[in-house]
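Let me begin by presenting the structure, written as structure tokens, before commenting on it.
The values are calculated or read from the model by the stated rules, or taken from the named source; none is laboratory data. None of the values given here were measured: they were computed from a predicted structure. All Cβ positions, glycine included, derive from the backbone under ideal geometry; neighbour counts span all protein chains shown. Heavy atoms of the whole protein, side chains included, go into the accessibility calculation; ligands, DNA and RNA do not. Shrake-Rupley method; radii C 1.70, N 1.55, O 1.52, S 1.80 Å.
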Amino acid sequence: MIHLVTPYGRQGPSSRVRVWEWSDRLAVEHVVTAYISARNSSPATLARHPFSVAAAERRLRAVARSKPDRLLLHREASPLSRGRLEAELIDRSKSTVYDFDDALQWDWGGGGILRRLAPKAPKAHASICRADRVIAGNAVLADWASDHNRDVVIVPSCVSPDSYRPKDDYVLGDPPRLVWIGSTDNEHYLRVAQVALREVHRRTGARLTLVSGTKRTLGNLEDMIDRMSWSERVQHEDLRDFDLAIAPLPDEPYTRGKSGYKLLQYGAVGLPIVGSPIGVNEQILGELGMPGATSEDEWVDAILALLSSSAAERAHLGALARATVERMYSYDAWLHTWQRLAVGVSDSRASAIG
């Protein structure tokens, strides 16, 4: 039996990408333990489900007492833990892998009281030091983890291109429609390109749709913003309706450790993209053939260049991006490698059991 432990349910982006999607493809006996199976573990979410929280804490300790043959721990076991529970799970399991896809090592609890009382950085550090193997989402994370563990490998965050309806009409809307997808907590990253977005709006009338939350968080940008609540249907079906996607990031230690998932989603749809070349995003933008922007002027120039190009040119860019995602960042491309590295299952054994 293989135990996969992750802090969120299927609607939690990190857990869905790094655990649940792999679980759906894993052909050997396994079980996923996902704390309270919520989209996040904010204090408000936990407070609404006190009985589920208590049950989750008991369940995790029962997993540790069972001394699993194989354990994959993604990010953290419990948002309430200060590291002791994660250490117990790893120390009691016979073979352990720790997986992370964000710069948790630099997350010392900025924000609410829960994150200050149980920061992610010490949990990640202790887990990385104890695990038999570490799987990092990109080279920035792997470089840091290699200082604390001798067996560190990279498996990028992947997408399933077949789940996304590809864009097939590259004629610009009137006005042009830009899109950004992400969590409400990360909407402030859009301020990196705030002046540029206002200038593009002034010149072209372009509007920006946020596939995120409904709360207005962006001040004077909001008058050019439309909002759609995130859902898997919107993510997979509706991104194709936009003309251009954006992915701005500030240049900070935490953002340098991000795994570029937003770019891969855009690429799977075949959308033209402008993004910040920060961390692994620089590599992915280059592989997808999309421009990066590091200043407000560069953001304006890159967006206007894509909007002023022909529909055929944008279609060519989109087709190349989708093909690159299929070849380099799809679950199908990485399945055999992940099975071997994450849960110690060879191709032949998976086939025989499946």
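Points worth noting:
- A count restricted to the stretch 217-273 and to residues that are touching a residue at least 60 places away in the same chain (Cβ under 8 Å), crowded, with 23+ Cβ neighbours inside 10 Å and of a type in the set (Val, Ile, Thr) stands at 2.
- Residue in the stretch 102-117 that is open to solvent by less than 40 Å² (accessible area, probe 1.4 Å), among the charged types (D, E, K, R) and either out of contact with any Lys or Arg (no Cβ under 8 Å at 6 or more places or on another chain) or modelled with pLDDT of 90 or more (or both) present: yes
- Selection status of residue 292, open to solvent by less than 60 Å² (accessible area, probe 1.4 Å) and modelled with pLDDT of 95 or more: yes
- Residue that is surrounded by the fewest Cβ atoms within 10 Å (Cβ to Cβ) [pool: residues in the stretch 1-15 that are in contact with a Ser or Thr (Cβ under 7 Å, 6 or more places away or on another chain) and within 15 Å of residue 73 (Cβ to Cβ)]: 3
- Residue within the stretch 189-200 that is touching a strand residue (DSSP E or B) at 6+ places or on another chain (Cβ under 8 Å) and acidic (Asp, Glu) present: no
- The listed residues are 136, 206, 193, and the only one of them that is farther than 30 Å from residue 223 by Cβ and surrounded by 15 or more Cβ atoms within 10 Å (Cβ to Cβ) turns out to be 136.
- Qualifying residue in the stretch 29-37 (condition: at positive phi and surrounded by 15 or more Cβ atoms within 10 Å (Cβ to Cβ)): yes
- Any chance residue 318 is more than 30 Å from residue 132 (Cβ to Cβ), modelled with pLDDT of 95 or more and open to solvent by less than 40 Å² (accessible area, probe 1.4 Å): yes
- Against the list (1) touching a helix residue (DSSP H, G or I) at 6+ places or on another chain (Cβ under 9 Å); (2) open to solvent by 20 Å² or more (accessible area, probe 1.4 Å); (3) in contact (Cβ under 8 Å) with a residue 12 or more places away in the chain, the condition residue 129 fails is (1).
- Any chance residue 49 is in contact (Cβ under 8 Å) with a residue 12 or more places away in the chain and surrounded by fewer than 21 Cβ atoms within 10 Å (Cβ to Cβ): yes
- Members of the stretch 16-27 that are hydrophobic (A, V, I, L, M, F, W, C) and open to solvent by less than 10 Å² (accessible area, probe 1.4 Å): 17, 19, 22
- Flag for residue 307 being in contact with a strand residue (DSSP E or B) (Cβ under 7 Å, 6 or more places away or on another chain), surrounded by fewer than 23 Cβ atoms within 10 Å (Cβ to Cβ), farther than 25 Å from residue 154 by Cα and in contact (Cβ under 8 Å) with a residue 12 or more places away in the chain: yes
- Condition check for residue 73: open to solvent by less than 20 Å² (accessible area, probe 1.4 Å), more than 21 Å from the chain's Cα centre (by Cα), of a type outside the set (Lys, Arg) and modelled with pLDDT of 95 or more: no
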